[in-house]
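Colleague: I'd like to ask you about the structure that follows.
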Amino acid sequence: MSGHAVLLDVPKLVGLINIPSFEDEEISDEGLAELLSFVNAAECGAAYRCWLTTLTHSHQIHEAKRLLRAIDMLRRGSNAHVTDIIRCSLADAVRDHRCFADHHQQLLCICLFSSVEANHLESWERTLVTEIWKYLVQQVASALAATLSRTLFGDVEDNMNTHANACVCKTLDVLFGVFGGSLQDDENCPCSPVVIRVVKELSLEFITLQSVLEGIGGAIGSGDERWMMAQLVLGEQDALEAANRVAFGEDYSCELCSISNNRLVLTAEGLERLCRKGSSGAVVTEQISTRALPALSAEEELASCYVTRIARGGSVTMAEWEGLVTLGWKAEYDNFFRMSVSLRAVLACHIAHEDGASCVEAIASELCATNQANATGGVLFP
């Protein structure tokens, strides 16, 4: 595979995890009151219950209460470590509930982090797969949202950023199924075909094994798992040599890993070797692998190419812009990665001047008024 970045085969890895489904029954009023008391959020319970009733659609209320019941069932049947995680995570979610899509993701993550298993795998492989999955769910979405905020919008503060974050998370679920395909779309910042294509292209840099290694910290496993991984990475003879050195208080290091103070730290090459040793086959690839994606029109193909270029530090020419504006635009692009900012506005504000400068300053300046526009629900840049 020399000359090519080694990528994580995300759909295959996610397929190794038993992402659970949860019962359709809603939590009762009494159960919700008890759950809020359990997470020390009783003082904001009335406001939270009131917020639930104000959700736009009845299915949103049902979905929130369904996940709340799942969380309640999990905390009743889990060990102390898991219940502590639930207590902290749910308290944060209850106190900060700005929009349904973001809150739904928070509740779903609490359910998944408390119950995701890969019991059919060996212990070391289960640990590896789960750690990488958590990296995909927690870190990749945040990194992508930060990249888009910086390159498309000049890092201007967005007081409705929960919608943008929910949009990116939903897109990752569409592409790779990291949430089991169960995340709700956000009607205020939809997961449109151009959004999907842009996120797919930008996600490449975050699913290289080097990026994954940096995300999970390199040190994986504990106890006997470490030595099982070391044997798989190094081979039986070299792993025995490493174990002997460590037993005499020495450190061990090679191009695949290092072992110091009983900690196994992999290199990218070592992680690649480990990812090829699983019982279900290698979870690495040379080309990005995704689920089946919607087809793009000619207009959307051009727009996605231009936005991806901008997100990588480029711009569009006036000729490219003029060629694009002759085509029709869909309403789903009125809120493009950010509420009240249209796809047309993003492209228009990144047209290069003759001197090569970008108009990113223009969109940064105008976006300062977006918070006020959001209050009225209007599209700032039609």
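Colleague: Express in nm, to one decimal, how much length is gained between residue 248 and residue 91 on full extension, taking 0.36 nm for each residue of separation and deducting their alpha carbon distance.
Modeller: 51.9 nm
Colleague: Still on this structure: At residue 301 and residue 50, where each label point lies 7 Å from the Cα along Cα→Cβ, what is the point-to-point distance in nanometres?
Modeller: In this crude spin-label approximation the distance works out to 5.3 nm.
Colleague: Scan [x] 38, 31, 17; [y] 53, 24, 20; [z] 36, 23, 19 for the value of semi-axes √(5λ) of the Cα gyration tensor in Å calculated from this model and give just the label.
Modeller: Looking at semi-axes √(5λ) of the Cα gyration tensor in Å for this model, the match is [x].
Colleague: If I stretch the segment between residue 312 and residue 187 completely, what's the gain in nm (0.36 nm per residue apart, minus their alpha carbon distance), one decimal?
Modeller: That pair, residue 312 and residue 187, stretches by 42.3 nm at full extension.
Colleague: Can you give me the long-range amide H partners of residue 18? Hydrogens built in the peptide plane at 1.01 Å from N, cutoff under 5 Å, separation of 5 or more residues or another chain.
Modeller: For residue 18, the qualifying residues are 117, 118, 119.
Colleague: Considering only the other residues whose Cβ falls under 15 Å of the Cβ of residue 91, what net charge follows from Lys and Arg at +1 and Asp and Glu at -1? Display every interim value, and only then the final one.
Modeller: Values: positive: 75, 87, 95; negative: 34, 43, 72, 84, 92, 96.
Value of the local net charge: -3.
Colleague: Which value does Rg/Rh take for the stretch 73-194 over its C-alpha atoms, Rh per Kirkwood?
Modeller: Ratio of gyration radius to Kirkwood radius: 1.00.
Colleague: Scan the chain and hand back the longest stretch that contains none of the trypsin sites (Lys or Arg not before Pro) lying in DSSP loops with at most 15 other Cβ atoms within 10 Å.
Modeller: 99-275
Colleague: Take the solvent-accessible surface of the protein heavy atoms, probe 1.4 Å, and return the percent of it on the chain that carbon and sulfur atoms account for.
Modeller: 48
Colleague: Determine the calculated [θ] at 222 nm for the chain from helices alone, applying -39500 (n - 2.57) to every DSSP H run no shorter than 4 residues and normalising by the residue count; nearest 500 deg cm²/dmol.
Modeller: -17000 deg cm²/dmol
Colleague: Using a 10 angstrom Cβ neighbour count of at most 16 plus a DSSP loop assignment to flag exposed GluC sites (Glu not before Pro), which longest range of the chain is free of such sites?
Modeller: Within the chain, the longest run free of exposed GluC sites (Glu not before Pro) spans 26-121.
Colleague: Further question: Using θ = phi - 60° and the Karplus form 6.51 cos²θ - 1.76 cosθ + 1.60, what ³J(HN,Hα) does each residue of the stretch 17-24 get, whole Hz, x for Gly and Pro?
Modeller: So the Karplus estimates, Gly and Pro as x, are 9, 7, 6, x, 9, 10, 4, 7 Hz.
Colleague: Here's something else I'd like to know. Would you mind computing, in nm to one decimal, how far apart the modelled labels at residue 138 and residue 236 are, each placed 7 Å from Cα along Cα→Cβ?
Modeller: Here the modelled spin labels are 3.7 nm apart.
The values are calculated or read from the model by the stated rules, or taken from the named source; none is laboratory data. Values in this document were obtained by computation on a predicted structure and should not be read as measured data. Because the Cβ atoms are built from the backbone with ideal geometry, glycine has one as well, and the counts that use them run over all protein chains shown. In case anyone asks, the SASA skips ligands and DNA or RNA and just uses the protein heavy atoms, side chains included. Shrake-Rupley method; radii C 1.70, N 1.55, O 1.52, S 1.80 Å.
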